[in-house]
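Below is one structure, written out as structure tokens, with a few remarks after it.
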Amino acid sequence: MSPAIISVETKEDISQNLIIKPPASRLSLHGNIRIPGDKSISHRALMLGALSEGETKIQGLLLGEDPRSTASCFQAMGAEISPLNTELVTVRGIGLGNLTEPVDILNAGNSGTTLRLMLGILASHPSRFFTVTGDGSLRSRPMSRVVKPLLEMGAEIWGRKGNSLAPLAIQGKSLKPIHYHSPIASAQVKSCILLAGLMTEGKTTVTEPALSRDHSERMLRAFGAELSVDPSTKSVTVTGGAKLQGQTVIVPGDISSAAFWLVAGAIVPGSELVVENVGVNPTRTGILEALAMMGADIQQENQREVAGEPVADLRVRYAGTGSVTALKGCTISGDIIPRLIDEIPILAVAAVFAQGTTIIKDAEELRVKESDRITVMAQQLGKMGAKITELPDGMEITGGTPLTGADVDSFTDHRIAMSLAIAALNATGTTNIQRAEAASISYPDFITTLETVCK
Ligand code: S3P
């Protein structure tokens, strides 16, 4: 029997080492892959379901740790949510403005989306007091980006370091509408303010410097909120006071999870993979454009619209001849960045295996994700022999140097764990990824799928 390519060691502290040992004979990846539900849409479906009247049925919910954090917070405030053990989850909402005051601290775990979006909801619920916290990573991530506009709306929020770090305490109250010009293109900031605006009399507007993902806008409309979008000024306005009504939400596969297989298929010689049922909302498809610029062979098949979101199957074939890659470096910067922000770690892996230099700029946001993704990716891929120079707002990657397996660490960041695993498939020798269990934040079956496609 040939030795296992993929193995997992669970340590005493229940963290996991993912060990990847590609065979000396060539590895190539084949098969059809079904990825988990979109994380952004899953959070929003749970939240809007909880704030609606009647029942919301969510089909294809991501059963990862982050949506579980959202579900447990809203259960603690009165929403009835069926157990998150099948992909069909029902939420019995309690109606806008009716959240009950939780008797304990709300814990958002590792999830920035849970905490930031929820803050808008809590701050606008009068006469209730809330405390919110998260894990070590989340407690170090900046909350001022949402606290500041909420304070402008009249919210009462307290926290460490000038109200910028969780744990935070919130005294809910009636807010006043604002027009907020966000200095960053962030769907979390935009959504937080829109959610606060739902409960605020009058028109609340957010203008962004570049368009970020628009799942909140699509879903708020579907649930009955009064919303207008002005693409020419990148502004969204919500008029407070509408009632939300429970809906059926069909969650497409997460393009951010698909990205690992798209890059794996593009860099591992001889591979061909089909990633099925991928959400291809244009505010999320920057990764497809960036990989196309690099010369990847990715086709969108079976394009369709499912419950208000565009969906397709994505076929990726190895880009190259024999073991000579056809991928080439490129520059990724400007307005495309918010449309591929979560895919930059895996894009860095593609760049390592491309010919020439890739420059990623305007992505300083990466420094305040679940880890500092610029430093962590440069250091960890660097241990495998990659040539990456950190820039204040991105990285410069010189591709074409073969990688060698090494001891690396995810820094408990799900996207780092999975990106390193894909890099390891194309390295010589054994890679040991510490704290790889982080993948379950957004992709609980990642390792199982990895084993399947490597067979
Ligand atoms: C998300 C928005 C993005 C993204 C995060 C999910 C969302 O964050 O990185 O993983 O669901 O709104 P920012 O809005 O802070 O860029």
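Computed from the coordinates by the stated procedures, all read-outs in this text should not be read as laboratory data. All values reported here derive from a predicted model rather than from experimental measurement. Using ideal geometry, Cβ is built from the backbone for each residue, glycine included, and neighbour counts are taken over all protein chains shown.
Based on the Cβ-Cβ distance from Ser140 to Gln59, what FRET efficiency comes out when R0 is 45 Å, to the nearest 0.05?
So, using R0 = 45 Å, E works out to roughly 0.80.
Could you let me know the centre-to-centre spacing of segment 338-371 and segment 256-284, using Cα atoms, in angstrom?
Here the two parts' Cα centres lie 16 Å apart.
Quick one: of the DSSP bridges fully inside the chain, what percent are antiparallel, nearest 5?
Taking every DSSP beta bridge with both residues in the chain, the antiparallel ones total about 75 percent.
What pairs in Lys39/Lys369; Lys39/Lys387; Lys21/Lys383; Lys39/Lys190; Lys21/Lys455; Lys148/Lys173 have C-alpha atoms more than 23 Å from each other?
Lys39/Lys387
Report the label-to-label distance for Glu12 and Glu156 in nanometres (one decimal), using points 7 Å from each Cα along the Cα→Cβ vector.
4.8 nm
Per 0.36 nm of contour for each residue apart, how much would the distance between Lys243 and Lys173 grow if the chain were fully extended, relative to their Cα-Cα spacing?
My answer for the length gained is 23.4 nm.
Using a Förster radius of 25 Å, what is the FRET efficiency between Ser232 and Thr283 based on their Cβ-Cβ separation? Nearest 0.05, please.
Plugging the Cβ-Cβ distance into 1/(1 + (r/R0)^6) gives 0.95.
How long, wide and thick is segment 135-256, going by the Cα atoms along their three principal axes, in whole angstroms, largest first?
Taking max minus min along each principal axis of the Cα atoms, segment 135-256 gives 38, 36, 31 Å.
Alpha carbon centre of segment 395-455 versus segment 127-187: separation in Å?
34 Å
R0 = 41 Å: FRET efficiency of Lys361 with Arg317, Cβ-based, nearest 0.05?
0.90
Just to confirm the filter: which trypsin sites (Lys or Arg not before Pro) across segment 201-277 are DSSP coil and have at most 14 other Cβ within 10 angstrom of their Cβ?
Lys243
Quick check: pseudo-label points 7 Å beyond the Cα along Cα→Cβ at Leu391 and Thr430, how many nm apart are they?
Calculated label separation equals 3.8 nm.
Could you list the square roots of 5 times each eigenvalue of the Cα gyration tensor of the chain, that is, the equivalent ellipsoid semi-axes, sorted largest first and rounded to whole Å?
Taking √(5λ) for each Cα gyration eigenvalue gives 38, 22, 21 Å.
What do you get for trypsin sites (Lys or Arg not before Pro) in segment 1-42 restricted to DSSP loop and a cutoff of at most 11 other Cβ within 10 Å of the site's Cβ?
Lys11, Arg26
Please compute the modelled spin-label separation between Gln299 and Ser25, points set 7 Å along Cα→Cβ, answer in nm with one decimal.
2.9 nm
Quick one: divide the alpha-carbon radius of gyration of segment 39-250 by 2.2 N^0.38 Å and tell me what you get.
Scaled against compact globular proteins, the figure is 0.91.
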